[in-house]
Amino acid sequence: MTIDQIIEGRILTPEGFIAGRIHLSEGRIQLIEGDLVAASRVLQEPGAIVLPGFIDTHVHGGSGFDIMQGGDAAGQIARCHAQHGTTALLATTMTAPMADIENALRSLAPACQTRPLQGARVMGVHLEGPYINPGKLGAQPAFAIPLSIQEVEALHALAPIRLITLAPEMPGHLPCLSSLSAAGFRVQIGHSTGSYEEGLAALQQGATGFTHLFNAMSGLHHRAPGMVGAALAHARYAEIIPDLLHVHPGAIKAALRAIPCLFCVTDSTSATGMPDGDYALGQHRVFKCLGGVRLADGTLAGSVLTMDQALRNLVAIGVPLDDASKMVSTHAADFLGLNELGRLTTGSSADLVVLDPALQIQRVYIEGSEIEIH
């Protein structure tokens, strides 16, 4: 049972920053009181900054653990990311033989039902493949297959699937989109060589976003806009990896001007929070060095990004703190339909982070319980 708590600082609410107090009780925000303060002052003055807990829809691993290995990997990964302010995440699979995916989801189910001790909520699964284009694998292993709705439903019975990445240009995929949407699955376009027209058709049929925008998809050309062009012209939501390796700051800014609810993901791997060396990413061996993770041929293979670093990177390239907060929290919550998360309002779940003016994590609360930071 959580106890009543009061946290003081500059608190980001939907109305703006308030200098005052936030009252937590029984896992919820009971009251926010104080006076509005100019956003421009928040990073310039001493004192705590209180933001909504971070939400990451694309997490493969952390602390040496990979989602695909099963066992208690999901719990270990949830604890790793909670240390960096992530209060909710989607456990993300790799393209793999179906038996491996089934094993991973069976192992994930307990973490989806009960929040891991000292860990972030595992809100469900992001099925990143196997329904992708084998010609745009990126760092995914070569086990891409055509989509089967019956197969998706069988996997969903093992652990709750909230998000599916697929390539809409693959035979049979486009007609499935409306059925997936009607069944409650959110679908992102990704690992795709599809055209602008195929991307637009997918959005019209029920796709709602794009997986790690710019990466592993057909790029923008002024006579062949590709999937990137479809996203920039039509998307409301899209993931982006702001580690400043996957996407140039200028491209992030271009996407911000075009996509109203662009949100950040880490695409983090087992190498997150670990020293340089070699690690697992599904069936691949990946190598952490120079601040990134790569396959042996140099291909970027996920990241070692954490959401607190994502926030700092966004502010460093000129994104205002309140907008950056929405990108690491609110937009993802809205995308997933999680109305009680991603915002600090009376009645919302008490998921929040307390930072100093350098945006370093000081405290993390999930469902009103404070996480031990070490």
Inset, instruction - Output yes when any residue across region 322-340 is in contact with a Phe, Trp or Tyr (Cβ under 7 Å, 6 or more places away or on another chain) and either outside the structural domain of G70 (by TED's automatic domain parsing) or under 28 Å from G70 (Cβ atoms) (or both), and no when none is. - result: yes
Inset, instruction - Would you please list the contacts, defined by Cβ atoms under 9 Å and residues six or more apart or on different chains, that run from a residue in region 113-142 that is under 30 Å from P175 (Cβ atoms) to a residue that is among the aromatic types (F, W, Y)? - result: L127/F185; G129/F143; P130/F143; P134/F143
Legend entry - Filtered residues of region 222-241 (kept if assigned to a helix (DSSP H, G or I) and over 16 Å from M327 (Cβ atoms)): G226, M227, V228, G229, A230, L232, A233, H234
Legend entry - Condition broken by I317, with the remaining ones in (1) touching a residue at least 60 places away in the same chain (Cβ under 8 Å); (2) surrounded by fewer than 24 Cβ atoms within 10 Å (Cβ to Cβ); (3) under 17 Å from the mean Cα position of the chain (by Cα) satisfied: (3)
Inset, instruction - Considering every residue within region 17-38, establish whether at least one is closer than 22 Å to A316 by Cα, in contact with a helix residue (DSSP H, G or I) (Cβ under 9 Å, 6 or more places away or on another chain) and not aliphatic (A, V, I, L, M). - result: yes
Inset, instruction - Looking for whichever is surrounded by 24 or more Cβ atoms within 10 Å (Cβ to Cβ), in the same structural domain as L295 (by TED's automatic domain parsing) and not acidic (D, E) here; the options are Q150, Q140. Which one fits? - result: Q140
Inset, instruction - Examine region 278-290 for a residue that is at pLDDT below 95, assigned by TED's automatic domain parsing to the domain that holds A139 and in contact with a Leu (Cβ under 7 Å, 6 or more places away or on another chain), and state whether such a residue exists. - result: yes
Legend entry - Those residues of region 3-41 which are more than 25 Å from the chain's Cα centre (by Cα), among the hydroxyl-bearing types (S, T, Y) and assigned to a strand (DSSP E or B), in sequence order: S25
Legend entry - Flag if I11 is surrounded by 15 or more Cβ atoms within 10 Å (Cβ to Cβ), within 26 Å of E239 (Cβ to Cβ) and not hydroxyl-bearing (S, T, Y): no
Inset, instruction - From the list V354, V304, pick out the single residue that is out of contact with any helix residue (DSSP H, G or I) (no Cβ under 8 Å at 6 or more places or on another chain) and over 16 Å from P52 (Cβ atoms). - result: V304
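Every residue, every condition in (1) surrounded by fewer than 24 Cβ atoms within 10 Å (Cβ to Cβ); (2) outside any helix (DSSP H, G or I), yes or no:
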residue	(1), (2)
V50	no, yes
C80	no, no
L90	no, yes
A96	yes, yes
S107	yes, no
R115	yes, yes
Y131	no, yes
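The values are calculated or read from the model by the stated rules, or taken from the named source; none is laboratory data. Being a predicted model, the structure only gives us computed values, none of them experimental. Backbone-built Cβ (ideal geometry, glycine too); neighbour counts: all protein chains shown.
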